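J.: One structure, pasted below without further comment.
The values are calculated or read from the model by the stated rules, or taken from the named source; none is laboratory data. Everything numeric in this text was worked out from a predicted model, so none of it was measured. Every residue, glycine as well, gets a Cβ built from its backbone with ideal geometry; the counts of neighbours run over all protein chains shown.
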Amino acid sequence: MIIYRTELWGCLKIRNDLIGRVVYSKSGRDKGRIMVVIDLVNEQYCMVADGDLRKIEKPKIKNIKHLQLTNMKADSVLECLARGEVPENHVIKNYLSAFKGTGEIEGKEGW
């Protein structure tokens, strides 16, 4: 769960909808790669995995500012995480390969 301060109101909001979200990396060595948010570290960082280069056993810690969020959620990954299980790499990889074919980013054609 991420807590962040909004600029307009100065109040705290809870950001818990990030886990399971499909994201694109905007910077770093993995720029342009599609990943799934696995866990939240704190209000600024999260853990992402793609099932291929970044396995679930060793997810990458990324700054949330360096991620392009999409409107899509990895339902199969969310189900595993909700049950307290660790999703397998092939589940993440298969979901992302199917998602990559749609070419959607933030609900629109983007790639």
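J.: Count, please, the residues in the range 36-50 that happen to be within 10 Å of the chain's Cα centre (by Cα), charged (D, E, K, R) and surrounded by fewer than 21 Cβ atoms within 10 Å (Cβ to Cβ).
T.: Of the residues in the range 36-50, 1 are within 10 Å of the chain's Cα centre (by Cα), charged (D, E, K, R) and surrounded by fewer than 21 Cβ atoms within 10 Å (Cβ to Cβ).
J.: Could we say that Ile61 is surrounded by 17 or more Cβ atoms within 10 Å (Cβ to Cβ) and of a type outside the set (S, T, N, Q) here?
T.: No; evaluated as a whole, the condition is false for this residue.
Listed here are the residues, each with its yes/no results for (1) modelled with pLDDT under 90; (2) part of a helix (DSSP H, G or I); (3) under 13 Å from Tyr24 (Cα atoms); (4) touching a strand residue (DSSP E or B) at 6+ places or on another chain (Cβ under 9 Å).
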site	(1), (2), (3), (4)
Ile56	no, no, no, yes
Ile61	no, no, no, yes
Leu69	no, no, yes, yes
Lys100	yes, yes, yes, yes
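J.: Right, something else. Can you run down the residue pairs with Cβ atoms below 8 Å, 6 or more apart or on separate chains, where the first is in the range 16-44 and under 19 Å from Gly84 (Cβ atoms) and the partner is acidic (Asp, Glu) and crowded, with 17+ Cβ neighbours inside 10 Å?
T.: Listed by first residue and then by second, the contacts come to Val36/Asp50.
J.: How many residues are surrounded by fewer than 10 Cβ atoms within 10 Å (Cβ to Cβ) and either among the β-branched types (Val, Ile, Thr) or on the phi > 0 side of the Ramachandran plot (or both) if we restrict to the range 64-105?
T.: 1
J.: Related question: When both residues are 6+ apart or on different chains and their Cβ atoms are under 8 Å apart, which pairs have a first residue that lies in the range 74-91 and is under 18 Å from Asp52 (Cα atoms), and a second that is among the hydroxyl-bearing types (Ser, Thr, Tyr) and outside any loop (DSSP other than H, G, I, E, B)?
T.: Final answer for the pair search is Ala74/Tyr95; Ser76/Tyr95; Val77/Tyr95; Pro87/Ser76; Val91/Ser76.
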